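Since the structure comes first, as structure tokens, the remarks are kept for the end.
Read-outs throughout are calculated quantities, based only on the coordinates presented, and are distinct from any laboratory measurement. This is a predicted model, so every value here is computed, not measured. Cβ placement follows ideal geometry from the backbone for every residue including glycine, while neighbour counts extend to all protein chains displayed.
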Amino acid sequence: MPSSMSLLNVSNVAMDTILRGCDFLSLQILRKVCHDIRNFIDDVCPFKIVVLGILVFPNSISFQLDYMTKEDGLVKSVDFDYDENIENSCFVSASAEKDGVSRRALTNRDFVEVFMSDFSCILKQLKTEIGRFELVMRPFTPNHWTPQERQQIDVKFLNNFKEVLKSNKMRTKNIVLKMKQSDNGCFTIFGC
């Protein structure tokens, strides 16, 4: 009877070749298979992040990741959306050029916390400098949000973001931080 083959039993060279053929979303799925595969992916990191862009709204976060694979050198893009939902849950959507959009509802999960967990995971995988990092707070705000609601999400996001950056090193060539003027006429970011 032939022996069964497992991803864990292939050589590092073969595993590296397999991973170089995977797109970003596939690598994130493979990372969840087991600790050994996750650690191998984190060690070899077969992609380089060109742009990380975050747009923060009162009830959602949009996250764009442009990456270059070591295999073909082409820049590819993945977009994530984290949307607040009624009843203490959130929706997470991921879209890649070839895969279309996948959407998942997460019950009893806060959209900011889910985003921070995913963002932290991506930062842990970084082995090279990011080309450009952009953070845009409230590029536009619907009129139905009160100033208190807008400020509450700003503070919540920035406090969580600061903690993620403290525990994960992020090197970038260019950084762009934008924040819409608050209702009292002040610009505030990171509590400075």
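Quick notes on this one:
- For the range 16-28, putting each phi into the Karplus relation 6.51 cos²θ - 1.76 cosθ + 1.60 with θ = phi - 60° gives couplings of 4, 5, 4, 5, 5, x, 8, 7, 4, 5, 4, 5, 5 Hz, in residue order, rounded to whole numbers and with x for Gly and Pro.
- Across q = 0.10 Å⁻¹, the range 47-179 modelled as identical point scatterers on its alpha-carbon atoms has Debye log10 I(q)/I(0) values of -0.34, in the order of the q list.
- With neighbours defined as other Cβ atoms within 10 Å of a residue's Cβ, the residues 56, 10, 101, 164 order from fewest to most as 101, 10, 164, 56.
- Förster radius 25 Å - calculated FRET efficiency between residue 26 and residue 106 (Cβ-Cβ, nearest 0.05): 0.75
- Linear extension gain, residue 79 paired with residue 124, 0.36 nm per residue minus alpha-carbon span: 14.3 nm
- For the range 47-179, the number of Lys pairs with C-alpha atoms closer than 17 Å, counting only pairs eight or more positions apart or on separate chains, is 17.
- Spin-label model distance (nm) - residue 33 vs residue 148, 7 Å beyond Cα toward Cβ: 5.1 nm
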